[in-house]
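Engineer: One structure is given below, represented as structure tokens, and several questions about it will come after.
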Amino acid sequence: MRRRALLGALAVGGTAGCLRLEGGSGTTNATGTDGAGMGTVETATATATATETEPETTTERGDPTYPFGLSDDGVESYLYSTCDSAVAELSYRAQYTKVDVESGSQKWHREYEAADGIALGHWNRKGGGPVDAFHTIGGDMLWREEVADGDTYGLSTRPSFEEIFWAEEIQPLLKGPAWGSPERVNDDRPAVWEVRADSVGETVRSPGHSEGELKSIEGARMRVDENGVIRRIEAVYDSSNFEGEVRRHRFRFEVSDVGAVSLSAPSWVETAREERPDFSAQLTDDRKYVRLTMESGSIASDSRISVFQQPDAARKYVARTDREVSAGDELYIHAKTDSGKFNEAGIGYGTRSSVGTPPTLDERYHVVAFRRDTKYEPGVDVAPPS
């Protein structure tokens, strides 16, 4: 069975004082210009006759100006959208790492390459195996993970930009810190500015989470170029999770090799299209169970199936598989609790579990299968029987 080495981790180091910006380094030894968006010197030479030519003329670039979202007052949250537009036609490498400072454990580390409207991602799944992800021009992400029984595949409808420039993490880090005035850090083009923050300026959700709150900033630095590309972010911060627990994290994001990357779709993509799972689901007549039927593909053991109450996912029921589920299998999912936003659920394989009387499911629901943070497929809607 093939194995792919664990991706490099971010060193935790000390937590006191400001962060030190290191020299940029890509994920490979490839070299190239780091100046996408630079204007070129144009030379116009026209020959009227064999002996008659026009003089050479040169177009000079004006002084650099801040991109939309960066100003003398600091950073605005819409810098994220500016970056989205700026990188749409660029090639580059990017990576981000997030570490729990107190435990020293690495929570996230992912590496990406992007070019010509497609992107490839690589990471090791915590509690799982090596993962490869392929983002199409349309925004869908096909992925594969190496598990005990081979490879498992899925399709996650997440835009590539929001995956590479990790939206849940970076957007709160743009909006929440009290960023200072930009400071130019280079002499060439594109111009690059650095901004710093050491406190929270606005209450925002916890970076990397849909709930919780950014509590404090120990040190943060960000570099942005004149085209709006976010080149680097480094931050140490305290934030809470949905249970109110406060943890300290160190986050680093970096873009490199701008304009020096070429890509093509890997060979496993077609296999992923064919073998990713597809299922149907409906509520049983007594509204106690969601009956899920695997139409094709498979779901690996230790995956989860979530039943979201519609229309706003105010409540969800989460069950975990303890075996591989394959085409033709039927699962009966029932709620174990019904007392809050998050509720545990159980699974009966091929038949209903003998669990007494589960809570009644009277609303409309959306059923999704997940492998950690990636979807196996977009999910299906379920309505109560009429």
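The values are calculated or read from the model by the stated rules, or taken from the named source; none is laboratory data. The structure presented is a predicted model; accordingly, all values stated were derived computationally and were not measured. Virtual Cβ from ideal backbone geometry, glycine too; neighbours counted across all protein chains shown. What goes into the accessible areas is simple: the full protein's heavy atoms, side chains included, and nothing from ligands, DNA or RNA. Shrake-Rupley method; radii C 1.70, N 1.55, O 1.52, S 1.80 Å.
Engineer: Looking at this structure, is residue 144 in contact with a helix residue (DSSP H, G or I) (Cβ under 7 Å, 6 or more places away or on another chain) and part of a strand (DSSP E or B)?
Structural biologist: Taking the combined requirement at face value, the residue satisfies it.
Engineer: Then there is this: Can you say whether residue 367 is within 18 Å of residue 285 (Cα to Cα) and of a type outside the set (Asp, Glu), as far as the supplied structure shows?
Structural biologist: Yes; evaluated as a whole, the condition is true for this residue.
Engineer: Looking at (1) out of contact with any His (no Cβ under 7 Å at 6 or more places or on another chain); (2) in contact (Cβ under 8 Å) with a residue 24 or more places away in the chain, which is the one condition that is false for residue 288?
Structural biologist: Of (1) out of contact with any His (no Cβ under 7 Å at 6 or more places or on another chain); (2) in contact (Cβ under 8 Å) with a residue 24 or more places away in the chain, only one is false for residue 288: (1).
To keep it simple, each residue is scored yes or no on (1) small (Gly, Ala, Ser); (2) more than 30 Å from residue 361 (Cα to Cα).
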position	(1), (2)
233	no, yes
241	no, no
250	no, yes
259	yes, yes
263	no, yes
267	yes, yes
271	no, yes
276	no, no
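Engineer: Could you please let me know if residue 186 is in contact (Cβ under 8 Å) with a residue 40 or more places away in the chain and polar (S, T, N, Q)?
Structural biologist: no
Engineer: Taking region 116-163 on its own, how many of its residues are touching a Leu at 6+ places or on another chain (Cβ under 7 Å) and over 20 Å from residue 300 (Cα atoms)?
Structural biologist: Number of matching residues: 4.
Yes or no, residue by residue, for (1) among the small types (Gly, Ala, Ser); (2) open to solvent by 10 Å² or more (accessible area, probe 1.4 Å); (3) assigned to a strand (DSSP E or B); (4) in contact with a Pro (Cβ under 6 Å, 6 or more places away or on another chain):
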position	(1), (2), (3), (4)
168	no, yes, no, no
172	no, no, no, yes
193	no, yes, yes, yes
196	no, yes, yes, no
209	no, yes, no, no
219	yes, no, yes, no
223	no, yes, yes, no
227	no, yes, no, yes
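Engineer: Pick out, from region 242-334, the strands (runs of 3 or more DSSP E) lying fully within it that include 1 or more residues that are open to solvent by 30 Å² or more (accessible area, probe 1.4 Å) and of a type in the set (Phe, Trp, Tyr).
Structural biologist: 304-309
Engineer: List pairs: first residue in region 306-333 and more than 15 Å from residue 368 (Cβ to Cβ), second residue of a type outside the set (S, T, N, Q) and open to solvent by less than 40 Å² (accessible area, probe 1.4 Å) anywhere in the structure, Cβ distance under 6 angstrom, at least six positions apart or on different chains.
Structural biologist: So the pair list comes out as 324/300; 327/294; 329/294; 332/289; 332/348.
Engineer: Among the residues in region 340-357, are any part of a loop (DSSP other than H, G, I, E, B) and open to solvent by less than 10 Å² (accessible area, probe 1.4 Å)?
Structural biologist: Within region 340-357 (the criterion being part of a loop (DSSP other than H, G, I, E, B) and open to solvent by less than 10 Å² (accessible area, probe 1.4 Å)), the answer is no, since none of the residues qualifies.
Engineer: Related question: Examine region 91-113 for a residue that is of a type in the set (D, E, K, R), within 21 Å of residue 230 (Cα to Cα) and open to solvent by less than 10 Å² (accessible area, probe 1.4 Å), and state whether such a residue exists.
Structural biologist: yes
Engineer: Still on this structure: Quick check on region 142-166: of everything there that is among the aromatic types (Phe, Trp, Tyr) and over 30 Å from residue 193 (Cβ atoms), which residue is least open to solvent (accessible area, probe 1.4 Å)?
Structural biologist: 143
Engineer: Name the residues in region 121-141 that are open to solvent by less than 20 Å² (accessible area, probe 1.4 Å) and not basic (Lys, Arg), would you?
Structural biologist: 121, 123, 129, 130, 131, 132, 133, 134, 135, 139, 141
Engineer: Please tell me if residue 239 is small (Gly, Ala, Ser), open to solvent by 20 Å² or more (accessible area, probe 1.4 Å) and part of a strand (DSSP E or B).
Structural biologist: Here the answer is no, as residue 239 does not meet what is asked.
Engineer: Can I ask one more? Anything in region 360-375 that is without any contact (Cβ under 8 Å) to a residue 60 or more places away in the chain and surrounded by 13 or more Cβ atoms within 10 Å (Cβ to Cβ)? List them, or say none.
Structural biologist: Listed by number, the residues that qualify are 363, 364, 366.
Engineer: Could you please give the count of residues in region 149-170 that are of a type outside the set (Val, Ile, Thr) and either within 17 Å of residue 255 (Cβ to Cβ) or modelled with pLDDT under 85 (or both)?
Structural biologist: Of the residues in that region, 11 qualify.
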